[in-house]
1. Can you tell me which residues in the stretch 330-349 are of a type in the set (A, V, I, L, M, F, W, C) and open to solvent by 40 Å² or more (accessible area, probe 1.4 Å)?
2. Among the listed residues L398, L306, L291, which satisfies the condition of being over 26 Å from S8 (Cβ atoms), under 23 Å from the mean Cα position of the chain (by Cα) and assigned to a helix (DSSP H, G or I)?
3. From the list D151, D135, pick out the single residue that is charged (D, E, K, R) and either out of contact with any strand residue (DSSP E or B) (no Cβ under 9 Å at 6 or more places or on another chain) or in contact (Cβ under 8 Å) with a residue 12 or more places away in the chain (or both).
4. Count, please, the residues in the stretch 126-155 that happen to be among the polar types (S, T, N, Q) and closer than 20 Å to V244 by Cβ.
5. I'm checking my understanding of the structure. Among residues of the stretch 138-153 that are open to solvent by less than 60 Å² (accessible area, probe 1.4 Å) and modelled with pLDDT of 80 or more, which one is farthest from the chain's Cα centre (by Cα)?
6. Do we find that L123 is surrounded by 17 or more Cβ atoms within 10 Å (Cβ to Cβ) and in a helix (DSSP H, G or I) in this structure?
7. Only one of L263, L273, L268, L282 is open to solvent by 10 Å² or more (accessible area, probe 1.4 Å), within 17 Å of R33 (Cβ to Cβ) and in a loop (DSSP other than H, G, I, E, B). Can you tell me which?
8. Considering only the stretch 51-69, state which residues are free of Cβ contacts under 8 Å to residues at least 60 places away in the same chain, crowded, with 16+ Cβ neighbours inside 10 Å and either among the hydroxyl-bearing types (S, T, Y) or assigned to a helix (DSSP H, G or I) (or both).
Amino acid sequence: LQDASLGSLTVYVVPETSSLLPQGVNVYVGRHRSALVRSGGTLATLHPRLQQLQQVMSFTASSIAATLADRPPDGRVGPDARRHLKSSLGRDVCPSPLPWPGGTPLVEWDIEDAVNRYVQPVLDKLSLVANFSVDSQILYYAVLGVTPRFDKESSSFLLSAHSLPHVINPVEARLGSSAASLYPVLNFLLYVPERSHSPLYIQDKDGAPVSTNAFHSPRWGGIMVYNVEAPASPQASLPLHVDVDMVRVMEVFLAQLRLLFGLSREELPPEFLVESPGNEGLADWELDRLLWAHTVENIATVSTTLTSLAQLLDKIGNIVIKDDVASEVYRAVASAQSAMAQLATGHLHSAFQASKEAVTSSERAFFDPSLLHLLYFPDDQKFAIYIPLCLPMAVPILLSLAKIAREARQRKKEPTKMD
């Protein structure tokens, strides 16, 4: 089952009385590119099960609509359109703790071991989509920018859902990863609240406490609040050394990573049983859906870029197109056509590689310095610039030419003297 090619899906239909599936389970979705379906006795019963299975494991028309949700024809954007990450050649993952010094414990976390055990298997699986690098930093004296509300009943501090957007900006101003990276950065922050605001809990829109005590921001990352138990006696020596439970933290970070990549699973019927992906974090068929989505998104991006470039060239009539720019445009069109042809034949990996080449070529052509529209002026602007410069010099020259012409006409009128 592990040798199945990218984009393929194998469905095994078993008899209704088969003991391969547990009682009450009619569809079993494996971690690879295969599934087991009970026959149901008749084709009329089997057909809806196969349709549901296709909706879960394969890339359907609704998946295409979700992928291109930020390009709706009518201009209306769905509520989750901005959550998923856009396709990119690389990503930087930056898990960072935010300990508050002075009265709070000294946080110690073994980030290298946690990345190797929990994060790296997921990134290795996603290496087909983009190149990943992992960096970590510790931010001291970090503030949330929002004053939590004290709840007398629970003797704790609360952060409401409407105040969470104001938390990111003060923290992001302290992060140095975005300035030092060429690729988009995914920030996963572990915030240890100060002693005067501890314990700190996050509430959802309904006012209920969030079980993970964390939240994520679309296309940016996530923040988890990690409460530390207060010392038994107020006279305890500070700072206290606290070891972070990396298993609990990494479970939250990986769940946020799946949400950012659009790998959240929809509510399945009770007759469905989905195998856990294990340490890899995502199943093979989820990786196929992700490759499908990024390939379609890349093709749409190439189409938008080349259309914008064509509109720019039509607007500026005297623009000069170099041979290398033209070759990049031809290469982008050829790669996009190749990607669509590979998708039609089911070669998912080749289609994704061709779509990446198309995006690279189209962006090279669009952002070429020679095509900067500020280098080319409309004719009316040229007249407005050069007439004030040339007119003072042209007036005496024109007057001199007029005088010479008058003198020449007068010479022709004067009679010639004959001896």
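The values are calculated or read from the model by the stated rules, or taken from the named source; none is laboratory data. Quick caveat, the model's predicted, so the values are computed rather than measured. Glycine gets a Cβ as well: all are built from the backbone with ideal geometry, and neighbour counts include every protein chain shown. The protein model used for the area step is the full one, side chains on, heavy atoms only, and it has no ligands, DNA or RNA in it. Shrake-Rupley method; radii C 1.70, N 1.55, O 1.52, S 1.80 Å.
1. The answer is V333, A334, M340, A341, A344.
2. The conditions single out L306.
3. One residue alone meets the criteria, D135.
4. 2
5. Per the stated criteria, the residue is D151.
6. In short, yes.
7. Just a single option satisfies the conditions, and that option is L263.
8. L53 - this is the single residue of the stretch 51-69 that is free of Cβ contacts under 8 Å to residues at least 60 places away in the same chain, crowded, with 16+ Cβ neighbours inside 10 Å and either among the hydroxyl-bearing types (S, T, Y) or assigned to a helix (DSSP H, G or I) (or both).
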